[in-house]
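Notes to accompany the following structure.
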Amino acid sequence: MSVYTQGVVALMGVNILMALSVYAIVMADQVSLGNAGFMAIGAYTSAYLSVKFGIPIFPSLIIGALAASFIGILIGIPILRLEGLYFVMGTFGFGEVVRSFFMNFEPTGGAYGFRGPVGATLPMIYGWVLAFMVFFWLLERSRLGRSLDALRDDAEVASSIGLNVTLLKLGVFWLGSFTAGIAGGLYAHYMFYIESGNFHILVSAMAILCVILGGMYTFWGALLGGVIFSILPEVLRFMGGWRLSVYGSVLVLMMIFRPSGIISRHMVRNAGEWVGGIFRKASS
Amino acid sequence: MFLQQLVNGLTLGSTYSLLALGFTLVLGLLNMLNIAHGDVFMFGAFLGLSFAMLGVPLYLALILAMAGAGIVTIIIERLCFRPLRKAHFLMPLLSTIAFGIVLQNVATQIWGSEPVRYPQATEITQFQLGPVLVSSIDIIILATSLVLMLGIDQFVKRTSFGRAMRATSEKPQTASLLGVNINWVIIFTFFVSGALAGVAGVLTALVYLQITPFIGIRQGLIGMVAMVIGGVGNLRGAMIGGLIIGIIEVMNDAYFTAGYRDIILFGLFLAFIVFKPEGLFGTKER
Amino acid sequence: MLEIAHISKHFGGLKALEEITFHVKEKQIYGLIGPNGAGKTTLFNLITGFLPATHGSIQFLGNELTGLKAHKIAKLGIARTFQNIRLFSTMTVKENVLVAQNIRARSGVTSLVRLFSAKEKRFEEEADDLLKRMGLWEKRKEQSLSLAYGEQRRLEIARALALEPRLLLLDEPAAGMNEAETEDLLDRISEIRNMGKTVFLIEHDMNVVMGICDYISVLNFGELIAQGTPDEIQASEAVIEAYLGREEE
C-alpha cells in the first residue's frame, strides 16, 4: 500500500468513527452539529498527554475521550432539554466555542497548532473501528437499543411505558462525544500535527452527511457513509473539482427520494435473517 | 475613538442585521433553519463581483446580486423544503447543509478558492463628522441596510401581503382557508431572505475588499448568533441583534484581543440558547 | 387506590378541569364519561404525568403523582392507552410488547451482553403468552401499523399489560369497533380485572360503560356533575341534561 493510500485509509477510519459519533446521538432523535468540538477535545487532550507527559497512546486516547465525554455531559445537561432546532444550534455553538478556544489556548499552541503526537497505526485505528462496530451491533439488538428506537418513534409514548427519555438522551450524547474524542485522539496521533482549523464546523457537517447518505436507522449506515465519503474523492477524480457538488447534489436528492439513507433497518433485518438461514442450513 | 468604533460597529453590524433578517424570515415562517443562507450570502458577493468586473455600476450590480441570490434561495426552497414538508422536521436543515456544500463547491469552481480582490466600485471619499471618520462606503452600507430594513418592517406590518406572511407563519392551515396562497407567500419570503443575503454579501465585500468561497460559513453563523440574540422570528430583534453583534465584534477587536472574538460571540450565542432562547426581544413577535 | 382530590387544570383563562374529586377502588372497573371536550383525556394526561396540574393532588397507592415525570408514574404501576392509537410504527407487533417490558427487565448498558440469558428467554415467553391471549401471536412479526384497526387497539392494550401495571387507563378503547369487537373487548376487560388489575376507562359507547363499569364519574365542561353506579347515572337528571341539553319549557 502506498503511503498516500495508507493516508486515505487511515482518515477513512477516523471519518467512520466521526460518523458513528453522530449516529449515536441520532439514535435518540437528536442531531449534533458540534461533534468536531468533541473531536478537538479528544485530539488536543490526548496529544498533550502523549507529548508533554510521555503517556503511551492507548491511555492517552482513553483519557482524551473521557475528557471529551465529560464535557459532553456538562454541555448536554442544559442543551438536551431544548427542543430539536435549538438543540442543533446549541451544539454548533458549542463546536465553534471549542474551536476558537483552541485557537487561542497557548499551552496547546494556539493558532500555531500542536506538534508531536505519534503512534497511531492502521491496525490500531481499525481496531478501534471494529470495537465500536461490535458495540453498536450489540446495542442495536439489545433492550437498550429498543428503548432508543421507542424514543425515536414517539418520545411521549416511550415515557408512558416507563423509559427515562432524558437519561437516554444524555447517555447517547456521552457515547457520541466519547466516540468523537477517540476519533480526535487517533487523528492527532496519526497526523503528527493538529490545529484548530482541523475541527471546523464542516467536519461536523460532513459526519452528519455520512449518516444521512449511509442510512440513519442503523450503524451500518454510518459505516457505509464514512467509506463512501472517504473513497469518493479518489474514485471521482475524473470529475475534478466538481466532486463535492456531485456529492452534495446526490444528498439533496436522496433527502427527497430516500430520506432514510441507503441502508434501511429492514435491509439489515433481512440480511441478518438470510445469514442466519445459511448458518442453520449449514449445520443441519 | 470610541465613537469611531461605534460607527464601524454599526456599519459591520448592519450587514449582520441583513443576514439575521434573512434567517429569521425563513425560520419564523417554516420553523426551520436554512443553513445554506451563509453560502447564499457568499454567492451574492461573488455575483456582485462578476457584474462589477463587467463594468456594471455599483447600484445595478447590487440589484442583480440581490436578484441572483433570491433566485438561488427559491431553488433551495424547492429542493430542500417543499418536498420535505411531511418528513422529520430536521430533514430540511440537513438538506440545506448539503446544498451549502454544493454552493461552496460551485463558487470554488467558477471563481477559484484563492481570495479575490473586489474592484474599487466607486470613488471612496472620506467625511469628517466631528471626531469620526466616515467613508462613502460606510454611508452606502448603512443607508442601504436601513432602507431595506425599514422597507421590510413596514411591508410586513402594513401591507396585506405582509399580513398574509404573518398569518402563514402563525397558523398556515387557517391562513390557507382564508384564501392566502401559502406557496406564494413561502416563495416570496424565501426570495426576500435570499435577496437580503445577497445585498449583505456585496456590502460586506465592499468592507473587506476581498472574498473567498468560504466566507459564507462564518458570516452565516454570526448572522445566526445575531438572530438568536435578537429573538428568533422577531424581525426587529434580528435587526437590532445584528447591530449589537457588529458593535461587540468591533469593540472586541479594538479594546481586547482579536483572537478571542469568536469565543465571545459564540459563547454569547451558547449562553442565550441555554438561558434565554427567546432572545432579547422575544420570539415570533412581528 | 387512586385518589383524585380537588384537581384543576387551567390553560390560561380556560378551565379545562375544575375541582375534580373522586376515587377509584382496587379491582374496580371505573368509567369516566361525558360529552366531547368535557376534559376526560385531560384528566388522563394529568394522572399519567403528560400535563402538570394547576391545583390539587392525585394519590396512587400512597404516592403523590402530581409533579412526577411520566416515566416515574409508569414505574409506579400505571399504564395507559391512547384515544388515537399510538403504537410504535417502526416496530413489529412483538417488539411493541417487548419494549414495554424494559422497566422490568435489565435494559441498561448491561442489556448489550444479556441478549441470550435465561431471563431474556422468560421475558420472550411472557410476551408470546400475552400476544397469544390477545389473539395477535400469528401476526407477531408484522409491522405494527399493518394490523387491522381492532387488532391495533388490542396491541396497544397488550403493550400496556406488558408493563404489569396495577392500574390500566384505557382512553376510548371501543372507538371505531363494531358490536362483535366491542363484545370481545368487554370480555377482555373482565379478564384483566380477574388478573387482579384495576381498570379506569374513558368511553362514549354506553353499552360498554353500562355493561361493564362498577362505578362511573360524569364530567361536563371540566366539572364533575355526577358519580354513581350505572343505574344511578342512567337515572340522573344532571347527566341527561348534559348529554341532551335542557328541555325547552
Inset, instruction - Return the sequence-ordered ³J(HN,Hα) values of the stretch C:160-177 in whole Hz as given by the Karplus equation 6.51 cos²θ - 1.76 cosθ + 1.60 applied to θ = phi - 60°, using x for Gly and Pro. - result: 5, 5, 4, 6, 6, x, 8, 10, 10, 9, 10, 9, 6, x, 9, 4, x, 9
Inset, instruction - Just report the Cα centroid separation between the stretch A:226-278 and the stretch A:10-69, whole Å. - result: 24
Inset, instruction - Using only the Cα atoms of the stretch C:89-162, build the gyration tensor, take square roots of its eigenvalues as a ≥ b ≥ c, and label the shape rounded, prolate or oblate: rounded if a/c is under 1.5, else prolate if a/b is larger than b/c, else oblate. - result: prolate
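Between rounded, prolate and oblate, where does the stretch B:135-198 land on the alpha carbon gyration tensor, with a ≥ b ≥ c its root eigenvalues, rounded for a/c under 1.5, else prolate if a/b exceeds b/c? Walk me through the intermediate numbers first.
Numbers: a/c = 4.46, a/b = 2.55, b/c = 1.75.
Prolate shape, in that a/c is at least 1.5 and a/b is the bigger ratio.
Local charge sum around B:Gly246 (other residues, Cβ-Cβ under 13 Å, Lys/Arg +1, Asp/Glu -1)? Write out the running numbers ahead of the final one.
Details: positive: B:Arg261; negative: B:Asp138, B:Glu249, B:Asp253.
Surrounding charge for B:Gly246 is -2.
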Inset, instruction - Quick one: dipole size for the stretch A:94-247, taken about the Cα centre, charges +1 on Lys/Arg Cβ and -1 on Asp/Glu Cβ, in debye to the nearest 20. - result: 240
Legend entry - Packing-based exposure ordering (other Cβ within 10 Å, fewest first) of B:Cys80, A:Cys210, C:Cys213: C:Cys213, B:Cys80, A:Cys210
Legend entry - Longest site-free stretch - chain B; sites: GluC sites (Glu not before Pro), DSSP loop, at most 15 other Cβ within 10 Å: B:124-284
Inset, instruction - Sticking with the crude label model, points 7 Å out along Cα→Cβ, report the distance from B:Thr257 to B:Ser176 in nm, one decimal please. - result: 5.4
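For B:Asn31 and B:Ala271, calculate 0.36 nm times their separation in residues minus their Cα-Cα distance, and state this gained length in nm to one decimal.
On the way: separation 240, 0.36 × 240 = 86.40 nm, distance 2.11 nm.
Net length gain for the segment: 84.3 nm.
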Inset, instruction - Return the whole-Å distance between the Cα centroid of the stretch A:120-134 and the Cα centroid of the stretch B:7-51. - result: 42
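For a test of the definition: using alpha carbon positions, the gyration tensor, and the 1.5 limit on a/c, classify the stretch B:1-83 as rounded, prolate or oblate. Don't skip to the end; give the middle numbers.
Values: a/c = 3.15, a/b = 1.22, b/c = 2.58.
Cα axes put the stretch B:1-83 in the oblate bin.
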Inset, instruction - Sequence neighbours fewer than 8 away in the same chain don't count; with that in mind, list the lysines whose C-alpha is under 22 Å from C:Lys25. - result: C:Lys40, C:Lys72, C:Lys75, C:Lys197
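Mind giving me the FRET efficiency for C:Asp214 and C:Ser57? R0 is 30 Å, r the Cβ-Cβ distance, nearest 0.05 is fine.
Details: r = 24 Å, r/R0 = 0.79.
The computed FRET efficiency comes out at 0.80.
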Inset, instruction - Starting from the Cα of C:Lys27, draw a straight line to each of the aspartates and glutamates and keep only those under 12 Å, dropping any in the same chain fewer than 8 residues away. - result: C:Glu191, C:Asp214
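Please rank C:Asp205, A:Asp149, fewest neighbouring Cβ atoms within 10 Å first, as an exposure proxy.
With the sparsest Cβ surroundings first, the list reads C:Asp205, A:Asp149.
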Legend entry - 20 Å Cα-Cα threshold exceeded, pairs from B:Lys276/C:Lys9; B:Lys171/B:Lys276; B:Lys86/C:Lys139; A:Lys169/C:Lys9; C:Lys94/C:Lys119: B:Lys276/C:Lys9; B:Lys171/B:Lys276; B:Lys86/C:Lys139; A:Lys169/C:Lys9
Inset, instruction - Treat the count of other C-beta atoms within 10 Å as a stand-in for reagent exposure and order A:Phe101, B:Phe269, C:Phe44 from fewest to most. - result: A:Phe101, C:Phe44, B:Phe269
Legend entry - FRET efficiency, C:Ser8 to A:Ile77 (Cβ-Cβ, R0 22 Å, nearest 0.05): 0.10
Legend entry - Number of partner chain Cβ atoms within 10 Å, mean per residue of A:137-148: 6
Legend entry - Net charge, B:Ala258 excluded, C-beta distance under 15 Å - Lys, Arg +1, Asp, Glu -1: -1
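Among the GluC sites (Glu not before Pro) in the stretch C:113-212, which ones are in a DSSP loop with at most 16 other Cβ atoms within 10 Å of the Cβ? Mind listing them? Don't skip to the end; give the middle numbers.
On the way: sites: C:Glu120, C:Glu124, C:Glu125, C:Glu126, C:Glu138, C:Glu142, C:Glu151, C:Glu156, C:Glu179, C:Glu181, C:Glu183, C:Glu191, C:Glu203; in loops: C:Glu142, C:Glu203.
Of the GluC sites (Glu not before Pro), the ones in loops of the stretch C:113-212 whose Cβ has at most 16 other Cβ atoms within 10 Å are C:Glu142.
Can you compute the equivalent ellipsoid semi-axes for chain B, i.e. the square root of 5 times each eigenvalue of the Cα gyration tensor, sorted largest first and rounded to whole Å?
Details: eigenvalues 168, 97, 70 Å².
Gyration-tensor ellipsoid for chain B: 29, 22, 19 Å.
I need the calculated FRET efficiency for the pair C:Asn36 and C:Asp128, taking r as the beta carbon distance and R₀ as 41 Å, to the nearest 0.05. Could the numbers behind the result be given before it?
On the way: r = 39 Å, r/R0 = 0.94.
Efficiency at R0 = 41 Å is approximately 0.60.
Throughout, read-outs are computed from the coordinates displayed, never taken from laboratory work. Everything numeric in this text was worked out from a predicted model, so none of it was measured. Positions of Cβ are generated from backbone atoms using ideal geometry, with glycine treated the same way; all protein chains shown enter the neighbour counts.
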